[in-house]
1. With the stretch 111-224 as the region, which helices (runs of 4 or more DSSP H) entirely inside it contain at least 1 residues that are closer than 18 Å to Asn251 by Cα and in contact with a Phe, Trp or Tyr (Cβ under 8 Å, 6 or more places away or on another chain)?
2. Within the stretch 161-172, can one find any residue that is within 16 Å of ligand 1 (Cβ to nearest atom), surrounded by fewer than 21 Cβ atoms within 10 Å (Cβ to Cβ) and either hydroxyl-bearing (Ser, Thr, Tyr) or more than 15 Å from the chain's Cα centre (by Cα) (or both)?
3. In this structure, does Lys78 turn out to be surrounded by 19 or more Cβ atoms within 10 Å (Cβ to Cβ) and either in contact (Cβ under 8 Å) with a residue 12 or more places away in the chain or not aliphatic (A, V, I, L, M) (or both)?
4. Assess whether Cys193 counts as being under 16 Å from Thr56 (Cβ atoms), surrounded by 13 or more Cβ atoms within 10 Å (Cβ to Cβ) and modelled with pLDDT of 90 or more.
5. Being surrounded by 18 or more Cβ atoms within 10 Å (Cβ to Cβ), over 15 Å from the mean Cα position of the chain (by Cα) and closer than 19 Å to Leu120 by Cβ: is that true of Leu85 here?
6. Which of (1) on the phi < 0 side of the Ramachandran plot; (2) part of a loop (DSSP other than H, G, I, E, B) is the odd one out, the single condition Gly401 does not satisfy?
7. Taking Ile22 as meeting all but one of (1) under 26 Å from Asp298 (Cα atoms); (2) surrounded by 20 or more Cβ atoms within 10 Å (Cβ to Cβ), write down the number of the exception.
8. If you take the residues of the stretch 225-255 that are in a loop (DSSP other than H, G, I, E, B) and in contact with a Cys (Cβ under 8 Å, 6 or more places away or on another chain), which of them is surrounded by the fewest Cβ atoms within 10 Å (Cβ to Cβ)?
Amino acid sequence: MITKPRGTEDVLPKDSKLWQYIENTARDVCDLFGYKEIRTPVFEHTELFQRGVGDTTDVVQKEMYTFEDKGGRSITLKPEGTATLARSYIENSLYANPQPTKLCYIIPCFRYEKPQSGRLREFHQFGIECFGASSPSTDAEVISLASMFLQKLGLTGISLQLNSIGCPVCKKDYNEKLRAYFEDYKSELCPTCLERLEKNPMRIIDCKSEICSRIAEKAPKMVDHLCAECHDHFEETKERLDNMGIEYTVNPDIVRGLDYYTKTVFEFVSDCLGAQSTVCGGGRYSGLIEQLGGKPADGIGFAAGLERLILVLKAQQGEQAGGDNTPDLFVAAMGNDADKTAQKLIFDLRKEGVHAQQDLCGRSLKAQMKYADKLSAKYSIVIGDDEIAAGKCNIKNMSNGETAEVELSVDSLIAKIKE
Ligand code: ATP
Ligand code: MG
């Protein structure tokens, strides 16, 4: 038997309602905030991520699905959304519209990681990006969108962790301080972090190895070394979140995994996911658009992992999370003529938005009723030649067994179901 590749998942019919619920909630919230959906290719030129995500990141160094296509080009399956959106923003001159450009997306992402709960090789992200606005009000809007999305999903036990990682100006001095600090622990750092020490020491704070993270605990914190502009930006962002009643904790150890972040970074963390606890992460960046050949423009955005949201929703709300999709009415039929009438009736009911079902497998009447039970139909009727001749039938409430006589018509059936 051929099985699915390691680290991938089938979304089975029992779960698709939950996926649609999350996706619809995401789209509804984006509509309210004026973020428009953008759809981009599943694969891009590898160089886009090398330049747009950064050579010192785990994603680019270890996790990308990169291959040569038949034309000899190096192609990579999207590991994330931001670089692609930046490319599209430049390529399609979206900067020529009134700014900012507010975009949202739901995409599959591919990263060659060690599969475990909440960590897959193909996973899905809902994300937004706002290009062309550098005000703290933008940071506050982006964070408030994420907050409303998670709240609308009905999740509990989610906390917002906020930090500022400064700009190239304050990062320069800070990086020297960091380097001096980690220099003393050179013999203990992991090989990747030794490399980071040269290229991007802040990345060490993000290392998942136990030893490195223990060393990093006492390292100097960026929030304590912000330049005046970054300090004011951070204060104003926090004030605006306070003003909207959005709670957060300042966490100096949130540095985010991608190279291009500046100033505000944030994560929404769940208390019920163990190691893979970040359900949504994002931040502000400058330099990315320029790095990709566009006219300088700032951006800020986030991405939420849908599989992790599903894990939290199921843990908190059980298998029924996302709502049910059980039939309003099951129409059982006796004989082929009645079955034909049933099919036409069901078709007409469906036109009116009623979820109606019938048997398609030639079951006996008794087996049809068993099947109606299995489908958890809310009501059922049985029709045969007599019911058709009389234009009447008995409708049964499947949860309490009560029956009532109704006219065999779309209108009266709907009236009864809606009662
Ligand atoms: P982590 O620290 O867990 O590896 P990350 O910093 O690499 O996360 P981002 O690049 O910020 O993650 O992606 C945004 C979100 O996408 C994460 O917060 C998470 O919810 C989700 N995500 C990232 N990688 C995976 C994965 N391999 N499988 C499932 N979800 C993921
Ligand atoms: Mg990662």
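1. On the way: elements: 136-152, 168-183, 191-199, 210-217.
Counting at least 1 such residues, we get 136-152, 210-217.
2. So the first thing to find is which residues in the stretch 161-172 are within 16 Å of ligand 1 (Cβ to nearest atom), and the list is 161-163, 165.
Imposing the further condition that a residue be surrounded by fewer than 21 Cβ atoms within 10 Å (Cβ to Cβ) reduces the set to 161.
Now drop any that are not either hydroxyl-bearing (Ser, Thr, Tyr) or more than 15 Å from the chain's Cα centre (by Cα) (or both), which leaves 161.
Yes, the stretch 161-172 contains a residue that is within 16 Å of ligand 1 (Cβ to nearest atom), surrounded by fewer than 21 Cβ atoms within 10 Å (Cβ to Cβ) and either hydroxyl-bearing (Ser, Thr, Tyr) or more than 15 Å from the chain's Cα centre (by Cα) (or both).
3. Numbers: surrounded by 19 or more Cβ atoms within 10 Å (Cβ to Cβ): yes; either in contact (Cβ under 8 Å) with a residue 12 or more places away in the chain or not aliphatic (A, V, I, L, M) (or both): yes.
Against the criterion (surrounded by 19 or more Cβ atoms within 10 Å (Cβ to Cβ) and either in contact (Cβ under 8 Å) with a residue 12 or more places away in the chain or not aliphatic (A, V, I, L, M) (or both)), Lys78 qualifies.
4. Numbers: under 16 Å from Thr56 (Cβ atoms): yes; surrounded by 13 or more Cβ atoms within 10 Å (Cβ to Cβ): yes; modelled with pLDDT of 90 or more: yes.
Taking the combined requirement at face value, the residue satisfies it.
5. On the way: surrounded by 18 or more Cβ atoms within 10 Å (Cβ to Cβ): yes; over 15 Å from the mean Cα position of the chain (by Cα): yes; closer than 19 Å to Leu120 by Cβ: no.
Criteria not met by Leu85.
6. Just one mismatch for Gly401, condition (1).
7. It fails just one condition, (1).
8. Pass one, the stretch 225-255, residues in a loop (DSSP other than H, G, I, E, B): 226-227, 244-248, 251-255.
Within this subset, residues satisfying the condition of being in contact with a Cys (Cβ under 8 Å, 6 or more places away or on another chain) are 226-227.
Values: Leu226: 23, Cys227: 17.
Residue satisfying both the conditions and the ranking: Cys227.
The values are calculated or read from the model by the stated rules, or taken from the named source; none is laboratory data. These numbers were taken from a predicted model, which means no experiment stands behind them. Every residue, glycine as well, gets a Cβ built from its backbone with ideal geometry; the counts of neighbours run over all protein chains shown.
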